[in-house]
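Each remark here refers to the structure printed beneath this line.
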Amino acid sequence: MLQMVQRISSLAVPVMLILILLTGLIRKTDVYNGFVEGASEGVKTVVRIFPAILAIYVAIAMLKASGLLALLENLLRPVMEAIGMPDGILPLALLRPVSGSGSIGLVSDILAQYGPDSLTGRIAAVMCASTETTFYTLALYFGAAKVKKTSCALPAALTADFVSITMSVLLCRMMFV
């Protein structure tokens with residue numbers, strides 16, 4: 001069964017490429033120029049967001065170097081132990097509601113340090129996938145919709161993040177330990 005799934009999944013990318021090319025031929029669309037324009041926009045996006053990503057990495061490094069992250073970890077250790085959260089996950093749990101790209105960088109660091117098949121790596125991946133960049137999302141959508149009364153949304157969203165973080169730890173412990 002697993003081998004069949006692996007064979008099918010190994011065909012996913014080539015099949016998608018063929019479907020895109022066929023769709024372009026049927027619709028008489030210049031697929032190559034569309035790809036080149038998309039890649040150009042992607043490079044522009046990377047250049048535009050690089051300073052923010054760099055600032056987040058610097059801020060994380062400063063938090064670690066200053067000892068503030070260790071202080072927060074010590075203060076929250078009883079809660080972490082109660083749900084079985086391994087060391088190394090708390091910075092991700094604290095950063096995820098604030099920054100998507102910063103939390104992806106932390107997940108990358110966690111996977112490099114602990115490995116993708118470790119309990120810590122699995123918890124980090126599930127946590128990142130099941131939580132939201134709450135502050136960014138609220139600011140973006142409420143700003144776009146011109147919502148003025150947001151007093152209940154932030155506590156509800158942060159509660160959802162807390163539940164997602166807690167459940168990520170508990171479910172990974174149930175499934176992988």
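What lysines sit close enough to Lys64 to cross-link, taking a C-alpha to C-alpha distance under 27 Å and skipping anything fewer than 8 places away on the same chain?
Here the lysines satisfying the reach criterion relative to Lys64 do not exist.
Quick check: pseudo-label points 7 Å beyond the Cα along Cα→Cβ at Leu2 and Ala61, how many nm apart are they?
Those two pseudo-labels are separated by 4.0 nm.
Which aspartates and glutamates, if any, have their Cα less than 17 Å from the Cα of Lys148, not counting same-chain residues under 8 positions apart?
Cross-link targets: none qualify.
Find the eigenvalues of the gyration tensor of the Cα atoms of the chain, then list the square roots of 5 times those eigenvalues as equivalent ellipsoid semi-axes, largest first, in whole angstrom. Write down the numbers at each step before the final one.
Values: eigenvalues 239, 119, 65 Å².
So the three semi-axes of the chain are 35, 24, 18 Å.
Excluding residues fewer than 8 places away in the same chain, name every one of the lysines whose C-alpha is closer than 29 Å to that of Lys28.
Qualifying lysines at Cα under 29 Å: Lys44.
In deg cm²/dmol, rounded to 500, what helix-only [θ] at 222 nm does the chain give when every DSSP H run of at least 4 residues adds -39500 (n - 2.57) and the total is split over its residues? Spell out each step's value before the answer.
On the way: 9 runs with 146 residues, N = 177.
Taken over the chain, the calculation gives -27500 deg cm²/dmol.
Output needed: percent of Cα pairs per 10 Å distance bin for the range 96-151, bins running from 0 to the one holding the longest distance.
24, 38, 22, 13, 3
Relative contact order (percent) for the range 67-176, with alpha-carbon contacts under 8 angstrom and 6 or more residues of separation? Please report the intermediate quantities before stating the final value.
Values: 92 pairs, mean separation 33.2, N = 110.
After rounding, I find 30 percent.
How much length would be gained if the chain were fully extended between Lys148 and Leu19, taking 0.36 nm per residue of separation minus their Cα-Cα distance, in nm to one decimal? Present the calculation step by step, with values, prior to reporting the outcome.
Values: separation 129, 0.36 × 129 = 46.44 nm, distance 4.48 nm.
Gain on extension, Lys148 to Leu19, equals 42.0 nm.
What number, in percent, do you get for the relative contact order of the range 1-142 if the mean sequence gap of Cα pairs under 8 Å and at least 6 apart is divided by its residue count? The partial results should precede the final answer.
Details: 62 pairs, mean separation 24.4, N = 142.
It comes to 17 percent, rounded to a whole number.
FYI, it's all coordinate maths here, none of it is from the lab. If you're wondering where the values come from, they're calculated on a predicted model, not measured in any experiment. FYI the Cβ positions are ideal-geometry reconstructions off the backbone, even for glycines, and counts take in every protein chain you see.
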